[in-house]
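The values are calculated or read from the model by the stated rules, or taken from the named source; none is laboratory data. These numbers were taken from a predicted model, which means no experiment stands behind them. Here the Cβ is made from the backbone with ideal geometry for all residues, glycine too, and neighbour counts use every protein chain on show.
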């Protein structure tokens with residue numbers, strides 16, 4: 001799958017500030033990124049770093065003067081989703097989990113799995129197979145949480161979402177992560193670019209660790225699983241926010257565009273119970 005992605009972001013800078021942007025597609029041996037271009041108008045000092053925790057690339061930008069500033073990014077991305085038979089996507093015993101996976105078991109800021117333990121086991125604990133269990137989590141979130149913008153904010157957590165039963169992709173992903181962790185299944189928050197998302201924007205999903213693979217699930221069911229390019233993964237949105245700002249500045253607007261470059265693209269059937277899908 002090949003995509004062309006572009007992003008424009010505008011801020012009103014009141015005084016000297018810093019911005020950390022996490023909008024660069026993640027580079028790996030399974031996701032290739034080329035023809036990258038990042039521009040700031042007016043010009044500023046910036047550097048690229050890779051996060052020590054989770055998986056993401058960041059631009060750290062120093063904005064010394066007041067005024068409007070626009071960031072523009074474009075790139076081409078290619079990756080390939082791997083179909084894995086569902087019978088292989090089993091529970092992994094905690095002693096057999098790789099050390100980097102263990103950080104995705106405990107509760108985190110937006111995913112209070114410890115507060116959802118009783119609910120998760122009542123609803124899903126009877127399902128014997130791990131993949132079927134996570135599919136049931138995904139379907140429950142999709143069927144019971146109303147997708148609606150403007151009714152949640154950056155403070156909304158998984159516990160809030162299961163209580164209020166409304167949210168956007170960020171909230172759907174947090175709840176999926178929290179319920180999986182409550183079932184002792186490692187899960188992490190996934191943010192990326194998505195083909196066919198309307199309106200175009202950054203998109204959030206979740207991944208569950210099953211049978212030694214990070215398997216992708218989208219509780220919104222708004223886009224094809226193989227139409228996404230990964231930006232970052234982390235414990236929750238606190239680690240994967242597309243922008244973190246420090247200083248006196250105001251976010252004005254952003255625009256995202258994702259175009260398909262692959263003429264042979266065929267959307268995967270994400271409702272299949274016979275296989276799961278993994279990028280990484």
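Values for this structure:
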| quantity | calculated |
| --- | --- |
| Selected residue (only one of 188, 181 is surrounded by 22 or more Cβ atoms within 10 Å (Cβ to Cβ), in the same structural domain as residue 146 (by TED's automatic domain parsing) and either under 14 Å from the mean Cα position of the chain (by Cα) or under 29 Å from residue 34 (Cα atoms) (or both)) | 188 |
| Tally of residues being over 19 Å from residue 246 (Cβ atoms) and in contact with a helix residue (DSSP H, G or I) (Cβ under 7 Å, 6 or more places away or on another chain) across segment 1-41 | 1 |
| Selection within segment 18-41 - at pLDDT 95 or above and exposed (fewer than 14 other Cβ atoms within 10 Å of the Cβ) | 34, 35, 37 |
| Qualifying residue in segment 136-155 (condition: part of a helix (DSSP H, G or I), surrounded by fewer than 17 Cβ atoms within 10 Å (Cβ to Cβ) and touching a strand residue (DSSP E or B) at 6+ places or on another chain (Cβ under 7 Å)) | no |
| Residue selected from segment 55-79 under the condition buried (at least 21 other Cβ atoms within 10 Å of the Cβ) and more than 26 Å from residue 194 (Cβ to Cβ), by the criterion modelled with the highest pLDDT | 69 |
| Hits in segment 226-256 (condition: surrounded by 19 or more Cβ atoms within 10 Å (Cβ to Cβ) and outside any strand (DSSP E or B)) | 226, 227, 235, 236, 237, 239, 240, 241, 242 |
| Within segment 190-210, tally of residues that are in a loop (DSSP other than H, G, I, E, B) and touching a strand residue (DSSP E or B) at 6+ places or on another chain (Cβ under 6 Å) | 4 |
| Hey, residue 44 modelled with pLDDT under 95, under 24 Å from the mean Cα position of the chain (by Cα), within 24 Å of residue 6 (Cβ to Cβ) and not assigned by TED's automatic domain parsing to the domain that holds residue 211 or not | no |
| Sole exception among (1) in contact (Cβ under 8 Å) with a residue 12 or more places away in the chain; (2) outside any strand (DSSP E or B); (3) surrounded by fewer than 20 Cβ atoms within 10 Å (Cβ to Cβ) for residue 263, by number | (1) |
| Criterion: loosely packed, with under 15 Cβ neighbours inside 10 Å and either in contact (Cβ under 8 Å) with a residue 40 or more places away in the chain or assigned to a loop (DSSP other than H, G, I, E, B) (or both) - qualifying residue of 106, 95 | 106 |
| Subset of segment 5-17 [surrounded by fewer than 17 Cβ atoms within 10 Å (Cβ to Cβ) and part of a strand (DSSP E or B)] | 6, 8, 10, 12 |
